[in-house]
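The values are calculated or read from the model by the stated rules, or taken from the named source; none is laboratory data. Please read these numbers as outputs of a predicted model, since none were measured by experiment. Here Cβ is always computed from backbone atoms with ideal geometry, including for glycine, and neighbour counts include all displayed protein chains.
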There are 2 protein chains.
Amino acid sequence: MTKGAGEFDFIARFFRPLAGPEACALRNDAAIISPNGHEDIILSTDTLVEGVHFLSNDPPETVGRKLLRVNLSDCAAMGATPYGYLLNISRPASLGEDWFSAFAKGLGEDQSFYGLSLFGGDTTSTRGPLVMTLTILGRVPKGEALHRNNAQNGDELWVTGTIGDAALGLKALTGQLTDPDGFLTERYRLPRPRLGIPLFGIVTAALDVSDGLVQDAGHIAEESGVSIIIEAEKVPRSPQARQLGNAYLSDCLSGGDDYELLLTCPPAQRGRLLEAARQHDIPITRIGHVEAGEGKVTVLDVDGAPFPLLKAGWRHF
Amino acid sequence: MTKGAGEFDFIARFFRPLAGPEACALRNDAAIISPNGHEDIILSTDTLVEGVHFLSNDPPETVGRKLLRVNLSDCAAMGATPYGYLLNISRPASLGEDWFSAFAKGLGEDQSFYGLSLFGGDTTSTRGPLVMTLTILGRVPKGEALHRNNAQNGDELWVTGTIGDAALGLKALTGQLTDPDGFLTERYRLPRPRLGIPLFGIVTAALDVSDGLVQDAGHIAEESGVSIIIEAEKVPRSPQARQLGNAYLSDCLSGGDDYELLLTCPPAQRGRLLEAARQHDIPITRIGHVEAGEGKVTVLDVDGAPFPLLKAGWRHF
């Protein structure tokens, strides 16, 4: 795509330092990767739009890191090891060098931590809000990628970490509640992708909770052709989320942006699942089960009655 | 990334019909490809912004096809065979179903013609202009990707097709000149990626002319550490471009969006180059040569004097 001289400078200054050898120093028409014959490559891509997926006053460091981590979470959900990424930026004239310098710094720190590098991308101008697309590549041994469509009647439903913090963090950032220690805000701004847990051969279905627990459970139910029962009071919440009281439980169940893993696992594999999570020091909680059915998700309260949900899934703010 | 129900409908309606098996029906967190050990994968990505890279009143069919073809051209420049693509769309509420229906129709026709399919993507809303990112994957036998950085002193400089039509087409679309038979406009809207010419082992450097002939020659010169001489009157122009007169020659030399291949070739390989182009029925013209140097491009007129260029490279309108 056509570029002005300013774009080459912009790329060279902020993004060449992030480039891996596959990027050909960001000077080629394309990146080149050289897979061996023993692995599959997974590809996932997400776009963040200023004012839709992040707030204009979010710190640029965390915007870059969130963009990367959201995609790393997709790698985690597929059981893949991150490899590299492409980055496309459409930038408004209002965002200056300082913003992108901090953005690239955050990205650089995270790519070092997670062990991947920049393979390529594109930068353009726009008269609208900042739009960024990150496309991640991961590797997985051939045939061992995790899917969403194999949950079985009788499986247990498990989730990592705690659910709802990010949705509450967004409420805090938009002035709808207080977040005294900043924990909820941090969870919204910096997801923790649950990479590295060896789940192949243990779980029957996996995804990362991005749309909201109930809506994402619905994806597994639909793709697998089963029904899923969630017991509301078993859904793990952080102390900060619990402190807000059960009035916010519905927000936790349907709020998005958690990036925890939602897994279905046959009871016979429970021991292996717990051991795999323990070895990676990742908390994991059983929150329901899978029944025969046709794509429905039912949330039950502590008495076994239907739990009233305010909304089925997260909406963009 | 978080999605509302409307986005799932949107994806299912317009884009699931374009999906290949690697896309897992666009229902997974990621696409999965399974390369053999004998090929490299090339990855190229381009973003188009409404009002920057295409005009708001451009027909949606051609916008989709141009987005794909611009990336196919990157495949051609690397000597790769297209494989599949990811598509990210940030859409304003003002663009309705009709627009995307026509857009997807254009994409679908081109992907059938060029033999590739949709692997995945993301759709989001935006309050700004339409922004679309297309990321293409191509395959090339291991180690046989073409590069830009190996042009040698003594090589000849060759270009496919005709140069400048797209830049003149943009001038026609913006009312700066007339285009009686619509040829120039068509060249701007629908690039013809020069896929399939077997150039490995024949050319020393290759790229596709997207920024403008002179600026792109500069990329080869810089990356290869050579100087490039272009003879202005040898640069092939279409009858329609010639008809406008030499007043527009500078526009042709520095205008972007041609998506022809610019190649450097040792004189000893000239016969093979001509034969490869002939077999694919692609016109090719020698327009200059490579000298020892440090990244400079010189354009000469018919008398061997420096040709005056209005600008070094294409700017976004």
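Annotations
- Selection status of B:D257, touching a helix residue (DSSP H, G or I) at 6+ places or on another chain (Cβ under 6 Å), in contact (Cβ under 8 Å) with a residue 12 or more places away in the chain and surrounded by fewer than 21 Cβ atoms within 10 Å (Cβ to Cβ): no
- Here is the figure for segment A:92-143: residues that are in a loop (DSSP other than H, G, I, E, B), more than 10 Å from chain B (Cβ to nearest Cβ) and more than 18 Å from A:L48 (Cα to Cα) total 3.
- Only listed residue being in contact with a Gly (Cβ under 8 Å, 6 or more places away or on another chain) and on the phi > 0 side of the Ramachandran plot, chosen from A:G256, A:G212: A:G212
- Contact annotation: residue pairs with Cβ atoms under 8 Å, 6 or more positions apart or on different chains, pairing a residue in segment A:178-203 that is in contact (Cβ under 8 Å) with a residue 60 or more places away in the chain and in the same structural domain as A:C252 (by TED's automatic domain parsing) with a partner that is aliphatic (A, V, I, L, M) and in a loop (DSSP other than H, G, I, E, B), are A:R194/A:I282; A:I197/A:I282; A:L199/A:L146; A:F200/A:L146; A:V203/A:L146.
- Any hit, segment A:286-295, residues being within 14 Å of chain B (Cβ to nearest Cβ), in contact (Cβ under 8 Å) with a residue 24 or more places away in the chain and not in a helix (DSSP H, G or I): yes
- Lone qualifier among B:L157, B:L195, B:L207, B:L184 - being more than 12 Å from every other protein chain (Cβ to nearest Cβ), at pLDDT 95 or above and part of a strand (DSSP E or B): B:L157
- When we screen A:V290, A:V302 for residues that are more than 21 Å from the chain's Cα centre (by Cα) and exposed (fewer than 14 other Cβ atoms within 10 Å of the Cβ), the only hit is A:V302.
- Lone unmet requirement of (1) more than 16 Å from A:A77 (Cβ to Cβ); (2) surrounded by 19 or more Cβ atoms within 10 Å (Cβ to Cβ); (3) touching a strand residue (DSSP E or B) at 6+ places or on another chain (Cβ under 8 Å) for A:D208: (1)
- Flag if A:L86 is aliphatic (A, V, I, L, M), assigned to a strand (DSSP E or B) and touching a Gly at 6+ places or on another chain (Cβ under 9 Å): yes
- Filtered residues of segment A:8-65 (kept if facing chain B (nearest Cβ under 7 Å), part of a loop (DSSP other than H, G, I, E, B) and of a type in the set (A, V, I, L, M, F, W, C)): A:A30, A:V52
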